[in-house]
Amino acid sequence: MNTFLPTSLLGLSLLLASCSIPGGNSFDPRAESATIYPTFASESTRAAMPAEYLQAPTEAFKLGPGDKLDIEILGETGSRAETFVTPDSKIYFNLLPGIDVGGLTTQQLKQQMEEKLVQFYKHPQVSVNLLDVSSQRVWVLGRVNQPGIYPLKRPLQVLDAISLAGGLFTSRFTGTTEELADLEHSFLIRNGTMLPVDFQKLIRDGDMSQNIYLQPNDFIYLPSSLTNEVYVLGAVMEPRPVGFMSDMNLMGALGKGLGVRPDADLSRVSIIRGSLTDPKIATVDARAVMQGKATNFRLQPGDIVYVPGAGSISPSSLGREAVNTFVRIVAANEGTNAAIGSGGPSVGVNVNIGGTN
């Protein structure tokens with residue numbers, strides 16, 4: 001089992017690793033001639049896009065907290081009223097006690113109200129109209145003009161949601177959006193899982209096979225391409241993004257994560273580069289680098305450095321787990337900031353940040 005390496009030892013290992021390589025040749029990580037990169041291989045994390053994702057939803061809207069309704073007993077003067085579904089999924093109307101409407105369609109609510117109103121009216125006919133939606137939302141955050149949480153009032157596709165958020169943020173200097181949104185690291189999460197939407201193909205190439213219909217609580221994030229960061233994740237003391245420096249290398253990045261955990265498997269550290277749906281992945285023996293038996297490696301902006309827990313993940317799943325961990329943590333952080341910034345009630349982001357070893 002791997003032993004725990006405190007931050008001080010990690011720094012010492014970095015010094016040793018950066019000053020020697022097998023054969024006794026000196027290695028200066030700052031020298032241009034010493035720019036050494038690991039060998040990357042393609043490892044697509046993208047599954048086939050289910051055909052039903054491209055079909056408009058046919059299921060009727062179901063009521064939930066915050067939805068606004070217009071209700072009237074036809075033929076009864078003064079019975080018309082606007083009401084909201086309460087946080088406990090009830091509505092209050094006329095002489096009726098609170099009715100639990102969570103998960104009901106407006107047609108089902110109409111039938112239920114007519115059945116309950118017969119004790120007060122003869123053959124009551126009720127009109128129920130949905131005025132506004134708050135219970136079903138989608139998240140559109142990042143480099144859009146109006147990032148936020150938007151009600152899902154009608155069937156929306158990915159491009160519809162981006163348009164609803166004001167479109168991609170435009171540079172006032174060039175009038176373009178291409179350099180501001182990092183499409184390689186953009187993602188869509190549904191129920192804690194990243195869906196195989198390729199934002200480069202969708203936005204840059206106009207590939208409509210990526211323009212899927214959204215469901216409640218879908219989370220879209222388009223990060224900025226102007227932020228140079230490396231992400232240190234997995235079995236480290238503090239998983240987080242760290243600012244990229246021109247001489248950033250693997251050992252330096254691990255040190256920014258404040259050391260590794262006792263259960264870290266340093267023999268299988270993964271470096272993920274490029275698109276989240278079709279990344280390049282290199283597996284590095286970081287322990288050998290620390291011991292001066294292998295060469296330290298340079299990193300690039302946007303790289304994900306993932307340290308697995310000992311024996312927790314099969315080698316074939318390392319890349320997929322690294323990408324999933326990245327999107328979970330980013331979504332949890334950005335979603336929390338958006339919810340706090342909205343000033344509204346607390347809303348959940350279903351990203352399931354567990355399983356990050």
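Just so you know, all these numbers are worked out from the coordinates, no wet-lab data involved. These figures come from a predicted structure and were not determined experimentally. Positions of Cβ are generated from backbone atoms using ideal geometry, with glycine treated the same way; all protein chains shown enter the neighbour counts.
How large is the translational diffusion coefficient of the stretch 199-343 in µm² per second when you combine the Kirkwood radius over alpha carbon pairs with Stokes-Einstein at 4 °C and 1.567 mPa s?
Details: Rh = 16.6 Å.
Reported coefficient: 78 µm²/s.
Would you mind counting up the charge near I212? Only other residues with Cβ under 12 Å from its Cβ, with Lys and Arg at +1 and Asp and Glu at -1.
After counting each charged neighbour, the total is -4.
What's the long-distance tail for the stretch 68-132, i.e. % of Cα pairs beyond 15 Å? Don't skip to the end; give the middle numbers.
Values: 951 of 2080 pairs.
Looking at the stretch 68-132, the distances longer than 15 Å represent 46 percent of pairs.
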Revision key, fill the gap. By Cβ neighbour count within 10 Å, fewest first, Y150, Y306, Y231 rank Y150, Y231, Y306
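T193 to T227: extension gain in nm, 0.36 nm per residue of separation minus the Cα-Cα distance? Could the numbers behind the result be given before it?
Working: separation 34, 0.36 × 34 = 12.24 nm, distance 2.46 nm.
This chain segment gains 9.8 nm when fully extended.
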Check your understanding: Out of residues 5 or more away from V232 or on other chains, whose amide H comes under 5 Å of its own, with H placed 1.01 Å from N in the peptide plane?
Key -> R240, V242, V305
**Study point:** Whole-angstrom gap from the stretch 123-166 to the stretch 52-81, using each part's C-alpha centre
**Key:** 14 Å
Exercise for review: Find out how many positive minus negative residues lie around L233, taking Lys and Arg as positive, Asp and Glu as negative, among other residues whose Cβ is under 15 Å from that of L233.
Suggested key: +1
Practice item. Return R273, R143 ranked ascending by Cβ neighbour count within 10 Å, so the fewest neighbours appear first. Key: R273, R143
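With only Lys, Arg, Asp and Glu charged, each at its Cβ (+1 for the first two, -1 for the last two), find how big the charge dipole of the stretch 68-132 is about the Cα centre; round to the nearest 20 debye.
Details: 6 positive and 9 negative charges, 24 e Å.
It works out to roughly 120 debye.
Defining a contact as two alpha carbons under 8 Å apart and six or more residues distant in sequence, what relative contact order in percent does the stretch 68-132 show? Intermediate values should be presented prior to the final figure.
Details: 91 pairs, mean separation 26.2, N = 65.
Reported relative contact order: 40 percent.
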Point to revise | Reachable lysines from K201, criterion Cα separation under 24 angstrom, eight or more residues apart if same chain | key: K280
Study note, to complete from the structure: Simple SL model, points at 7 angstrom along Cα→Cβ for E52 and L96; separation in nm is 3.1 nm
Review point. Which lysines, on any chain, are close to K153 with Cα under 25 Å apart, when same-chain ones fewer than 8 places away are left out?
Key: K62, K68, K90, K110
Exercise for review: Search the structure for amide H atoms under 5 Å from the amide H of V138, placed 1.01 Å from N in the peptide plane, and list their residues when 5 or more places away or on another chain.
Suggested key: Y150, L152, N217
Check your understanding: Under 13 Å from a point 7 Å along the Cα-to-Cβ line of S127: which residues of the stretch 62-106 have their amide N that close?
Key -> 70-82
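Taking other Cβ within 10 Å of each residue's Cβ, how do K62, K256 sort, fewest first? Intermediate results must be reported in sequence, preceding the final value.
On the way: K62 16, K256 20.
Exposure proxy ranking, most exposed first: K62, K256.
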